[in-house]
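Student: Have a look at the structure that comes next, please.
Values quoted throughout were computed directly from the atomic coordinates according to the rules given, and no laboratory measurement underlies them. All values reported here derive from a predicted model rather than from experimental measurement. Neighbour counts run over all protein chains shown; Cβ positions are idealised from the backbone, glycine included.
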Amino acid sequence: MVTLKTIIETLDLKVLTSPRDFSQIEIHSGYTSDLLSCVMTGAQPDGVWVTLIANINIVAVASLLEVPAIIITENAQPDEATIARANQEEIVLLSTPHGNYHIVGMLWQLGIKDTN
Amino acid sequence: MSDQVTLSDSDAGIITRVEELGYELKISQVMTTNVVTLSPDMHMIDALDLIQKNRISGAPVVQNGEVIGIISTEDLIRSLRDGRIDRKVTDYMTRGLITAKANEKVVEALKTFAKKNVGRLPILDENNKLVGMLTKGDITNGLLTALQRDYQAEELIRYRASHLFEDIESDRTSLILRYRIIKDDFLHGGAASNHIKKALQRLGASRQIARRCGIAVYEAEMNLIIHTTNGGFLRVEIEPHKITMEAYDDGPGIEDVEKALTPGFSTATEQVRNKGFGAGMGLVNIRGCVDEMSIKSSKESGTNLYMTMYLDKTSS
């Protein structure tokens, strides 16, 4: 088990939502896709989701699936409404200049190998 | 800020609620009322005895109901170091007191603790008579107790909701939720599904059932947003033994339902695909999530999608 704090620090991610005690959020699995319907079936509760999509719909999906954190890749920038909604739903939005492939590789190295 | 260390841990949700409570609770609700006081004619040795015996870290010096000073452990240490423990408390007490009023909100006391270097505040009533003492520990305890009460209240609501059906007698009891879904309203996409999922959880559905219904109804909701002419409606009927979810619209209808059920088949536009939709998995996902799914569609009357989830007693 890896905490979100470790992930943020190791992967040098920028936190877009309000600061929280990230050491209290445990990440048990990972999933990546840029197609929301695939995420719907693939992403697990308490997992991290890596995606290039930055629009408001990712928050709704994460909230429904109880995914605590989304890593938005390639510097894709969510708008203010998306960030506000994420804060409301207590979903952590993280940003990185790297692509999905790179980030997933780093998460794998951290030991997050479960997909369910 | 280091003064607020007792409140700055734990997760953000709790912090926010703690802040709210700081504005809701009055000092009188969290202060210690059973106050050990000293009188001006007491000696430092008496103060030491009282403070030790009562396991406190300081006590106010009171004359005719009014606080004229405060003796803290620091003052005791000073008198011990001077070897003057036989002196009057008035010689060593701290004057120029910082106090707070009992009817003020807790947040005011927190501000005072953060600004001034004091460990305890004498609490006065409107007539400036001492009615209690307040430490940061009292605030923490008060807030934790209030949070606990919150939690119990929420549990009670949840309990009442989950026993809703048992309390009502009828031949067939059901609860119906209806949501109007607006065409192209991507901004609120998923809002109805989220409400539905939360309602199901409140009513005592398991995490699994709530999640599966949530996913199915989300896909249906997004279909209404993306593919309809005028948007449509979601209708969810919750009964003790099953959940029936229905999405209906007035057009344009699905041309070939069999084809629409093929994984990967999508009629979504490039623009919609760019938002992450249009994987051609919506109906496929729905079929995977619910126990029964059926579609009626025609160009004349639009599309009706029915989804049913059965709840057996053990999993709900």
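Student: Relative contact order (percent) for chain A, with alpha-carbon contacts under 8 angstrom and 6 or more residues of separation?
Tutor: Numbers: 239 pairs, mean separation 36.1, N = 116.
Relative contact order here is 31 percent.
Student: Residue-wise, which Karplus ³J(HN,Hα) couplings in Hz belong to segment B:118-124, taking 6.51 cos²θ - 1.76 cosθ + 1.60, θ = phi - 60°, and x for glycine or proline?
Tutor: Each residue of segment B:118-124 in turn: 10, x, 8, 10, x, 10, 10 Hz.
Student: Let me ask something additional. Whose amide H sits under 5 Å from the amide H of A:Ile27, counting only residues 5 or more places off or on another chain, with H placed in the peptide plane?
Tutor: Counting only residues 5 or more places away or on other chains, the set is A:Val2, A:Thr3, A:Leu4.
Student: 222 nm [θ] for the protein assembly as shown, helices only, -39500 (n - 2.57) per DSSP H run of 4+, per residue, to 500?
Tutor: About -11500 deg cm²/dmol.
Student: What does a probe at B:Arg178 reach in segment B:240-254, counting residues whose amide N is under 18 Å from the point 7 Å along Cα→Cβ?
Tutor: B:244-251
Student: Nearest 5 percent is fine: what portion of the DSSP beta bridges confined to segment B:2-145 is antiparallel?
Tutor: On the way: 15 of 18 bridges.
Bridges in segment B:2-145 are about 85 percent antiparallel.
Student: May I ask for the angle, rounded to the nearest 10°, between helix B:44-53 and the longest principal axis of chain B, with both axes built from Cα atoms and the value confined to 0 to 90°?
Tutor: 30 degrees
Student: While we're on this one: State, to one decimal in nm, how far the label point of A:Lys5 lies from the label point of A:Asp114, with both points 7 Å from Cα in the Cβ direction.
Tutor: Label-label distance for A:Lys5 and A:Asp114, simple model: 2.1 nm.
Student: With both bridge residues required to lie in chain A, what share of the DSSP beta bridges run antiparallel, to the nearest 5%?
Tutor: If we restrict to bridges inside chain A, about 25 percent are antiparallel.
Student: Sticking with this structure for a sec: How far apart, in nm, are the 7 Å Cα→Cβ label points at B:Thr308 and B:Ser170?
Tutor: Taking the two extended label points, one gets 2.0 nm.
Student: While we're here: May I ask you to derive the relative contact order of chain B, considering only C-alpha pairs under 8 Å and at least 6 residues apart, and to give it as an integer percent?
Tutor: 13 percent
Student: Relative to the longest principal axis of the C-alpha atoms of chain B, give the angle of the C-alpha long axis of helix B:207-227, reported between 0 and 90° and rounded to the nearest 10°.
Tutor: The angle comes out at about 60 degrees.
Student: Next up: If you keep only loop residues by DSSP, which GluC sites (Glu not before Pro) in segment B:209-316 have at most 15 other Cβ atoms within 10 Å of their Cβ?
Tutor: B:Glu255, B:Glu300
Student: Can you give me the Cα centroid spacing of segment A:40-116 and segment B:49-103 in angstrom?
Tutor: That distance is 56 Å.
Student: Let me ask you something else. Averaged across B:271-282, how many Cβ atoms of other chains sit within 10 Å of each residue's Cβ atom?
Tutor: Working: counts 0, 0, 2, 3, 7, 15, 6, 3, 9, 2, 7, 3.
Average per residue, whole number: 5.
Student: Between B:Leu25 and residues 5 or more places away or on another chain, which pairs have amide H atoms under 5 Å apart, with H built 1.01 Å from N, and which residues are they?
Tutor: Hits under the 5 Å cutoff: B:Val106.
Student: Shifting gears a bit: With both bridge residues required to lie in the protein assembly as shown, what share of the DSSP beta bridges run antiparallel, to the nearest 5%?
Tutor: Among the beta bridges of the protein assembly as shown, antiparallel pairing accounts for roughly 75 percent.
Student: Averaged across the residues of B:179-192, what count of C-beta atoms belonging to other chains lies within 10 Å of each residue's C-beta? Mind dumping the intermediate values first?
Tutor: On the way: counts 0, 0, 0, 0, 0, 0, 0, 4, 7, 3, 7, 12, 3, 1.
Going residue by residue through B:179-192 and averaging, the value is 3.
Student: Next question. In peptide B:297-308, what is the residue-averaged number of other protein chain Cβ atoms found within 10 Å of each Cβ?
Tutor: Neighbouring Cβ atoms belonging to other protein chains average 0 per residue here.
Student: Further, regarding this structure: Work out the length of the dipole vector of segment B:2-145 about its Cα centre, built from +1 on the beta-carbon of each Lys and Arg and -1 on the beta-carbon of each Asp and Glu, and round it to the nearest 20 debye.
Tutor: Numbers: 18 positive and 20 negative charges, 52 e Å.
It works out to roughly 260 debye.
Student: Quick one: dipole size for chain B, taken about the Cα centre, charges +1 on Lys/Arg Cβ and -1 on Asp/Glu Cβ, in debye to the nearest 20.
Tutor: Computed charge dipole of chain B: roughly 660 debye.
Student: Here's another thing I want to ask about it. Could you tell me the calculated FRET efficiency between B:Leu187 and B:Asn128, based on Cβ-Cβ distance and R0 = 56 angstrom, to the nearest 0.05?
Tutor: 0.50
Student: In addition: Quick one: Karplus J couplings for segment A:2-13, per residue in order, coefficients 6.51, -1.76, 1.60, θ = phi - 60°, nearest Hz, x for Gly and Pro?
Tutor: Karplus values, whole Hz, x for Gly and Pro: 10, 8, 5, 4, 4, 4, 4, 6, 5, 8, 6, 8.
Student: Separation between the A:Val15 and B:Glu104 pseudo-spin-labels, each 7 Å from Cα along Cα→Cβ, expressed in nm?
Tutor: Result for the modelled spin labels: 3.1 nm.
Student: Let me ask you something else. Pairing the Cα long axis of helix B:106-115 with the longest principal axis of chain B, what angle in degrees results, from 0 to 90 and rounded to the nearest 10?
Tutor: 60 degrees
Student: Turning to a different aspect of this structure: Amide H of A:Val92: which non-local residues (sequence gap of 5 or more, or other chain) have their own amide H closer than 5 Å, using H built in the peptide plane?
Tutor: A:Ala69, A:Ile70
Student: How large is ³J(HN,Hα), in whole Hz, for each residue of segment B:22-33 in order, when computed from phi with the Karplus curve 6.51 cos²θ - 1.76 cosθ + 1.60 and θ = phi - 60°, using x for Gly and Pro?
Tutor: Couplings: x, 8, 8, 6, 8, 4, 4, 7, 10, 6, 8, 9 Hz.
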